[in-house]
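Below is one structure; the comments refer to it alone.
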Amino acid sequence: MRIPFYQIDAFADRPFTGNPAAVCPLERWLDDDVMQAIAAENNLPETAFFVAEGDGYRLRWFTPATEVDLCGHATLASGYLLLCRLAPERDEVAFETLSGRLTVRRRGALFEMDFPARPPEPVTPCAGLVAALGGAPREVLAARDYLVVYGATDEVEALAPDMAALMDVDRFGVIATAPGRAGHDCVSRFFAPAKGVPEDPVTGSAHCTIVPYWARRLGKPDIRARQASARGGDLVCRDLGDRVTIAGRCVLVADGTIRF
């Protein structure tokens with residue numbers, strides 16, 4: 001069997017930055033174990049698969065280890081591929097997913113996603129979380145992921161988490177965040193080693209939690225965010241209450257065929 005393959009750097013304005021995603025358009029669904037094997041073979045943070053459904057598409061996402069319920073950068077990459085290459089006559093595309101209907105639309109040079117908000121609430125962290133992450137956080141909240149808040153950008157950039165210890169956290173992943181600098185309202189990093197992603201370069205789904213937190217804290221809906229991984233990425237976001245918009249650029253870096 002042969003299926004098309006595209007590797008796209010999302011939340012990036014040049015190759016080899018942002019977050020790489022593999023995108024595989026399908027005529028029909030493959031078996032789940034085959035899609036998981038392809039994702040493991042790709043060994044990228046996420047591999048997305050979509051199939052045409054009605055006037056839109058059904059979209060699924062896999063890390064090298066598991067299927068996930070929401071992925072931002074691979075959704076952005078899938079929308080970019082459709083709007084720029086496979087269906088360039090369209091300005092918007094809708095995906096049906098495990099997290100409901102998600103859209104990607106053109107916004108000038110950006111591509112903008114409409115995602116569900118996941119506002120965090122204060123929680124008592126699981127044993128060992130702060131020690132595994134490091135530093136001296138000011139507070140810990142959670143939605144799907146832990147949101148661990150630090151006082152300054154430098155503290156988040158300096159973190160060197162114990163990935164083996166983070167395997168035991170009782171949430172999907174861990175977001176470290178702090179006030180931003182140099183034109184950014186906030187900075188973050190994201191860790192999910194138990195899901196096959198030790199540190200994710202740029203995490204769209206994490207901003208479903210980051211954006212409501214900083215919008216509430218800063219008293220404004222528009223949030224310019226920076227994810228401070230080694231590759232790094234910029235996100236232009238807006239809090240809409242029960243939804244958030246998350247926008248960025250994409251770059252196609254490779255295409256070809258998967259054979260098996």
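Every residue, every condition in (1) at negative phi; (2) surrounded by 19 or more Cβ atoms within 10 Å (Cβ to Cβ); (3) outside the structural domain of L110 (by TED's automatic domain parsing), yes or no:
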position: F16; (1), (2), (3): no, no, no
position: N19; (1), (2), (3): yes, yes, no
position: V34; (1), (2), (3): yes, no, no
position: A39; (1), (2), (3): yes, yes, no
position: A65; (1), (2), (3): yes, no, no
position: A77; (1), (2), (3): yes, yes, no
position: Y80; (1), (2), (3): yes, yes, no
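Might you let me know whether the range 120-141 holds any residue that is under 25 Å from S78 (Cα atoms) and surrounded by fewer than 20 Cβ atoms within 10 Å (Cβ to Cβ)? Reasoning before the result, please.
So in the range 120-141, the residues under 25 Å from S78 (Cα atoms) come out as none.
Looking for residues that are under 25 Å from S78 (Cα atoms) and surrounded by fewer than 20 Cβ atoms within 10 Å (Cβ to Cβ), one finds none in the range 120-141, hence no.
Any residue in the range 147-167 that is at positive phi and assigned by TED's automatic domain parsing to the domain that holds V187?
no
For the range 170-199, how many residues meet the condition of being under 16 Å from V236 (Cα atoms), of a type in the set (A, V, I, L, M, F, W, C) and not in a loop (DSSP other than H, G, I, E, B)?
2
Condition check: surrounded by 13 or more Cβ atoms within 10 Å (Cβ to Cβ) and within 21 Å of R226 (Cβ to Cβ). Does L166 satisfy that?
no
What pairs come out if I take residues in the range 130-142 that are over 20 Å from E199 (Cβ atoms) and free of Cβ contacts under 8 Å to residues at least 24 places away in the same chain and pair them with residues that are surrounded by fewer than 19 Cβ atoms within 10 Å (Cβ to Cβ) and hydroxyl-bearing (S, T, Y) whose C-beta lies under 6 Å away, six or more apart or interchain?
none
When the range 45-63 is examined, which residues are found to be surrounded by 19 or more Cβ atoms within 10 Å (Cβ to Cβ) and either without any contact (Cβ under 8 Å) to a residue 40 or more places away in the chain or closer than 21 Å to R189 by Cβ (or both)?
Of everything in the range 45-63, those that are surrounded by 19 or more Cβ atoms within 10 Å (Cβ to Cβ) and either without any contact (Cβ under 8 Å) to a residue 40 or more places away in the chain or closer than 21 Å to R189 by Cβ (or both) turn out to be P45, E46, T47, A48, F49, Y57, R60, W61, F62, T63.
Given L102, L76, which one is assigned to a helix (DSSP H, G or I) and aliphatic (A, V, I, L, M)? Quick ask: steps written out before the conclusion?
Values: L102 fails: assigned to a helix (DSSP H, G or I).
It is L76.
Kindly indicate which of V187, V202, V211, V197 is under 14 Å from E157 (Cβ atoms), touching a residue at least 40 places away in the same chain (Cβ under 8 Å) and among the β-branched types (V, I, T).
Answer to the selection: V187.
Results for (1) within 28 Å of D33 (Cβ to Cβ); (2) surrounded by fewer than 19 Cβ atoms within 10 Å (Cβ to Cβ), shown as yes or no for each residue.
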residue: T153; (1), (2): no, no
residue: P198; (1), (2): yes, yes
residue: P201; (1), (2): yes, no
residue: T209; (1), (2): no, no
residue: D234; (1), (2): no, no
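The values are calculated or read from the model by the stated rules, or taken from the named source; none is laboratory data. Predicted model only: the values in this text are computed from it and were never measured. Cβ atoms come from the backbone with ideal geometry, glycine included; neighbour counts cover every protein chain shown.
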